[in-house]
Amino acid sequence: MTTEPETRDPVAGEAAADDVAVVQKLVGAYEQIRAQLHRVIVGQDAVLEELLIALFCSGHCILEGVPGLAKTLLISTLARLLSLSFARIQFTPDLMPSDITGTEVIEEDRGTGTRSLRFVKGPVFANVVLADEINRTPPKTQAALLEAMQENQVTAAGFPHKLPKPFFVLATQNPIEQEGTYPLPEAQLDRFMFKVLVDYPSEAEEFEIVRMTTAPQELALQRTLNAREILDLQEIVRRVPCADHVIRYAMRLTRSTRVEKGTVPKFITDYVSWGAGPRASQNLVLAAKARALLRGRYYVSVEDIRAVAHPVLRHRVLTNFNAEAEGVRSDEIITRLIEATPVDAAAEMDEAMAGRVFKR
């Protein structure tokens, strides 16, 4: 990965000095967080990158993987590094919505004898909320997070209560043990910017994991960013411009997943029941902006869109019975879609955003 942003690019032109400093700030923060995480987490580079891209985009993530792959440890360590408040909610079948959002309690003033209602905040009022095994609780309780994830607030007794900023929901789920689980509704899945797949480690990585975790450990992690700095970095990401042809490419990917909506590839009609909505196009572009900056570039390329397509689309492309019967997964469909979606070569050369490239 390029850690030093280029001061001159044949496409983007010469970057202004303050723009260079802006990119250096984000790249430096990314490298520092990644280095600290690797003191605890072995390997999983792609997972770390996707998680941090979502962080810089103010997006929520759902991590899917078998037990024992350090999903919970990764999220709790990230919260410690960022000097943010952290709350873990263990989702179980008997969990109630008020156990997440909070509840109204009656208080009595002993002096006057008057009674009043006071809202007691639940664990969702934290900067980083770990929704552990989110698919183990009924839809009624899962839905308690919908307003929080979309509106950054909780409504109780008709009164809105603002959540702290920044606010991230990082959920985990187990893909293999489906007994006693409740699959998340599509409306809630769509609130997650990324669905990140956590895979088994390589042999060398597993050796290092066993060696590290079976020896005495005294790790003092260095805190890297506070809430104000994270909000500033999120604003930097949004200021990155994106050429029209890159936006249209992201839209073509998304719109090509919609069955019976225009012309779509045959494998889409064969294997897809429902495609991705406009929120997928928004997340593709926003995540591509963050990825471009993390590589020291001042503009978004089609390659950035392709790189983030799988985590953005895999939970938004719903397969049908034919796909289930033939063992075709959404990741395979997205890969074929990327290969089948053409790039306008003439438009790709039109990335010449000379001079000051950040929006003020």
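In table form, for the structure just shown:
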| item | result |
| --- | --- |
| Condition check for THR141: closer than 25 Å to PRO93 by Cβ, in contact with a strand residue (DSSP E or B) (Cβ under 6 Å, 6 or more places away or on another chain) and either surrounded by 12 or more Cβ atoms within 10 Å (Cβ to Cβ) or not assigned by TED's automatic domain parsing to the domain that holds ILE89 (or both) | no |
| Tally of residues being hydroxyl-bearing (Ser, Thr, Tyr), part of a loop (DSSP other than H, G, I, E, B) and modelled with pLDDT of 80 or more across the stretch 5-50 | 0 |
| The stretch 26-76, residues that are touching a Pro at 6+ places or on another chain (Cβ under 7 Å), within 23 Å of LYS289 (Cβ to Cβ) and not hydroxyl-bearing (Ser, Thr, Tyr) | VAL27, GLU50 |
| The stretch 212-237, subset among the hydrophobic types (A, V, I, L, M, F, W, C) and under 20 Å from ALA70 (Cβ atoms), residue surrounded by the most Cβ atoms within 10 Å (Cβ to Cβ) | MET212 |
| Verdict on ALA79 being within 25 Å of VAL198 (Cα to Cα) and either in a strand (DSSP E or B) or among the polar types (S, T, N, Q) (or both) | no |
| Hey, SER98 under 30 Å from ARG34 (Cβ atoms) and modelled with pLDDT of 80 or more or not | no |
| Of the criteria (1) over 22 Å from ASN127 (Cα atoms); (2) touching a helix residue (DSSP H, G or I) at 6+ places or on another chain (Cβ under 9 Å), which one PRO67 fails | (2) |
| Residue that is nearest to the chain's Cα centre (by Cα), among those in the stretch 153-178 that are within 25 Å of ILE230 (Cβ to Cβ) and outside any strand (DSSP E or B) | PHE167 |
| Every residue from the stretch 51-76 that is over 22 Å from LEU189 (Cβ atoms) and part of a helix (DSSP H, G or I) | LEU73, SER76 |
| Scope the stretch 81-108; condition of a type in the set (D, E, K, R) and surrounded by fewer than 18 Cβ atoms within 10 Å (Cβ to Cβ); matching residues | ARG88, ASP94, GLU104, GLU107, GLU108 |
| All positions within the stretch 212-240 that are without any contact (Cβ under 8 Å) to a residue 40 or more places away in the chain and of a type in the set (S, T, N, Q) | THR213, THR214, GLN217 |
| Where a residue in the stretch 24-39 is of a type in the set (D, E, K, R) and its partner, wherever it lies, is not in a helix (DSSP H, G or I), with Cβ under 8 Å and at least six apart | GLU31/THR3; ARG39/LEU219; ARG39/LEU221 |
| Filter result (part of a helix (DSSP H, G or I) and crowded, with 19+ Cβ neighbours inside 10 Å) within the stretch 308-333 | VAL308, ALA309, HIS310, PRO311, VAL312, LEU313, ALA323, SER330, ILE333 |
| Some residue of the stretch 179-189 being in a helix (DSSP H, G or I) and either polar (S, T, N, Q) or outside the structural domain of ILE53 (by TED's automatic domain parsing) (or both) | yes |
| Qualifying residue in the stretch 51-58 (condition: at pLDDT below 85 and touching a strand residue (DSSP E or B) at 6+ places or on another chain (Cβ under 6 Å)) | no |
| Residue tally, condition under 20 Å from ILE305 (Cα atoms), β-branched (Val, Ile, Thr) and in a helix (DSSP H, G or I), over the stretch 216-274 | 6 |
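The values are calculated or read from the model by the stated rules, or taken from the named source; none is laboratory data. Source: prediction; values computed, not measured. Positions of Cβ are generated from backbone atoms using ideal geometry, with glycine treated the same way; all protein chains shown enter the neighbour counts.
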